[in-house]
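Below is one structure, written out as structure tokens, with a few remarks after it.
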């Protein structure tokens, strides 16, 4: 009887662990692949344009400043370009939306989140962002209004209206809208970790140095111990 209780307890633990892992992995949700390249200056600049023209209507990216845009060689932003983007904002200011919090609450029921770290902060990362932007659809049950039903958002009801106009877009606009979604996803992926390219490049040299050091130490060891039998 005691053995049976132990086995039942063990089975229950395994079941809870399995269900927890399934929940953490999103219950089988498969996101679209975001075709992003954070080393592509062209894509990052297109993404910055989509972000400032569309996303900043509601969202901020407060941890990235206009001066910071100039400091990252991947973007290639000149002072003149930064001045054009910032308008009357200070060069040291973060990318803040002009939407007042109280107006956001009145319009959407909540304050839109800051997007500085949205990519690492969401399960699925950049793939989730791209899928969300291109996941708007009509709710077949009719319970969610058009523009707020998204097949990739948890619960399918999002407070963010269709930002790119994906819902009911014409077939000839598909490629353009997908490109915009790819580009802004790449930009958000980059600003979440703007030093990632430098770190990867440095990592190559570090690994090369470690391999060379390993070879030198191996040859030194063999030379020191060659007379020991």
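The values are calculated or read from the model by the stated rules, or taken from the named source; none is laboratory data. A quick note: this is a predicted structure, and the numbers were derived from the prediction, not measured. Ideal geometry is used to build each Cβ from the backbone, glycine not excepted, and the neighbour counts take in all protein chains shown.
Annotation: of all residues in the range 59-71 being crowded, with 18+ Cβ neighbours inside 10 Å and touching a residue at least 24 places away in the same chain (Cβ under 8 Å), the one that is nearest to the chain's Cα centre (by Cα) is 61. Identify, please: which residue in the range 165-195 is part of a helix (DSSP H, G or I), touching a residue at least 24 places away in the same chain (Cβ under 8 Å) and over 10 Å from the mean Cα position of the chain (by Cα) and is, among those, farthest from residue 37 (Cα to Cα)? The residue in question is 177.
Is it true that residue 51 is modelled with pLDDT of 95 or more, under 29 Å from residue 125 (Cα atoms) and in a loop (DSSP other than H, G, I, E, B)? So residue 51 does not fit the description; no.
Taking the criterion of being in contact with a helix residue (DSSP H, G or I) (Cβ under 7 Å, 6 or more places away or on another chain) and outside any loop (DSSP other than H, G, I, E, B), the residues of the range 114-161 that qualify are 118, 119, 125, 126, 129, 130, 133, 150. Going through (1) touching a residue at least 24 places away in the same chain (Cβ under 8 Å); (2) in a helix (DSSP H, G or I) one by one, residue 204 falls short only on (1).
Between 74, 98, which is touching a residue at least 60 places away in the same chain (Cβ under 8 Å), assigned to a loop (DSSP other than H, G, I, E, B) and at negative phi? Step through it out loud before you land on a result.
On the way: 98 fails: touching a residue at least 60 places away in the same chain (Cβ under 8 Å).
It is 74.
Of all residues in the range 173-205, those satisfying the criterion of being more than 23 Å from residue 48 (Cβ to Cβ) and exposed (fewer than 11 other Cβ atoms within 10 Å of the Cβ) are 203, 204, 205. The residues of the range 118-148 that are surrounded by 15 or more Cβ atoms within 10 Å (Cβ to Cβ) and more than 23 Å from residue 60 (Cα to Cα), listed by number, are 137, 139, 144.
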